[in-house]
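Comments concern the structure below.
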Amino acid sequence: MKRFTLIFIPYIWLAALFLVPFLIVVKISLSDTALAIPPYKPALDLAQGWAGLMAFLGDLDFENFTFLAEDDLYWKAYLSSLKIATISTILTLLIGYPIAYSMTRAAEEWRPTLLMLIILPFWTSFLIRVYSWMGILGQEGLLNQLLLWLHVISEPLKIMNTPTAVYIGIVYTYLPFLVLPIYAALDKLDDNLLEAAEDLGCSRFKAFWLVTIPLSMNGIVAGCFLVFIPALGEFVIPSLLGGSQTLMIGKVLWEEFFSNRDWPVASAVAVILLLILIIPIILFQRNQQKQRESEG
């Protein structure tokens, strides 16, 4: 009974906060737009009993999903989001792995301070941090002023409202999510394995490639998923830093809900986005399970 209770409580929590809202979104995605409140039809009237339920189910259709397939704006937004999320994840890995590796090689007394510096941005509002990049990357921003002062450039660079600004914002925002899992994996690495590899004739680089990288692979995979999954549906960063030229599905979703007030189409967009995200989420869970089994 105790075991059943421990399992039952989190499942109730997931059902209330995930499954029920998801079913509501699916229902709205199968509805039609209406100039009323709620801005969609049909609405379920339980007072009509079984006949009302059957009529309600009969009015649901897949027209919104057909509309998404026919309009190239949406599949281009999905492809653009996948591209930006993938490139951002790779860039974050290229920057984050050396940071995590250098942290594990730092003196023991310095590691808590370095960890605090990685976590420190979370103490500030996410929105404020993104707004600060608008002041840094703008044509009159700090970056251009510094480059002009150093005579590196002769005229201000146009970084704002470009994909470059979006990549910078995503990498900066999600860098801690990649550094921390890799640091946790590298911190458990036994230095004797590297010494043994070097004694057997490996150079430092070869020992790093054949020993350190494979043993930290669980942290790499976990960190990449923690960056890729939220970056795919990102809305704030492309909206503030990318401008109207950057096409991402998060922006399209927001515009359908709040600008066009087309809740059924927006819900269909959200359902497809969630189905796309299920694949990396399942892969991430399997990686975590394998990691726990290997540690056990």
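Some notes on this structure:
- Scope segment 147-188; condition over 21 Å from the mean Cα position of the chain (by Cα), within 22 Å of Gly242 (Cα to Cα) and surrounded by fewer than 18 Cβ atoms within 10 Å (Cβ to Cβ); matching residues: Leu147, Glu155, Pro156, Leu157, Lys158
- For Phe22, the conditions (1) surrounded by 11 or more Cβ atoms within 10 Å (Cβ to Cβ); (2) over 30 Å from the mean Cα position of the chain (by Cα) all hold with the exception of (2).
- Filtering segment 48-97 to residues that are of a type in the set (A, V, I, L, M, F, W, C), part of a helix (DSSP H, G or I) and more than 29 Å from the chain's Cα centre (by Cα) leaves Trp50, Ala51, Leu53, Met54, Ala55, Phe56, Leu57.
- Scanning segment 25-53 for residues being over 21 Å from Leu275 (Cα atoms) and surrounded by 11 or more Cβ atoms within 10 Å (Cβ to Cβ) gives a total of 13.
- Complete set of residues in segment 252-296 that are among the charged types (D, E, K, R) and over 30 Å from Ala185 (Cβ atoms): Glu255, Glu256, Arg261, Asp262
- All positions within segment 258-278 that are surrounded by fewer than 17 Cβ atoms within 10 Å (Cβ to Cβ) and under 20 Å from Pro39 (Cα atoms): Phe258, Ser259, Asn260, Arg261
- Qualifying residue in segment 78-89 (condition: surrounded by fewer than 16 Cβ atoms within 10 Å (Cβ to Cβ), in contact (Cβ under 8 Å) with a residue 40 or more places away in the chain and farther than 30 Å from Asn218 by Cβ): no
- Residue that is part of a helix (DSSP H, G or I), touching a residue at least 40 places away in the same chain (Cβ under 8 Å) and farther than 27 Å from Pro214 by Cα, where the choices are Leu146, Leu127: Leu127
- Residues that are free of Cβ contacts under 8 Å to residues at least 40 places away in the same chain, in a helix (DSSP H, G or I) and aliphatic (A, V, I, L, M), drawn from segment 98-124: Leu114, Met116, Leu117, Leu120
- Every condition in (1) touching a residue at least 24 places away in the same chain (Cβ under 8 Å); (2) not β-branched (Val, Ile, Thr); (3) not in a helix (DSSP H, G or I) holds for Gln139 except the one numbered (1).
Coordinate-derived values only; no laboratory data. Nothing here was measured: the structure is a model prediction, and the numbers come from that model. Please note: Cβ atoms are built from the backbone with ideal geometry, for glycine as well, and neighbour counts cover all protein chains shown.
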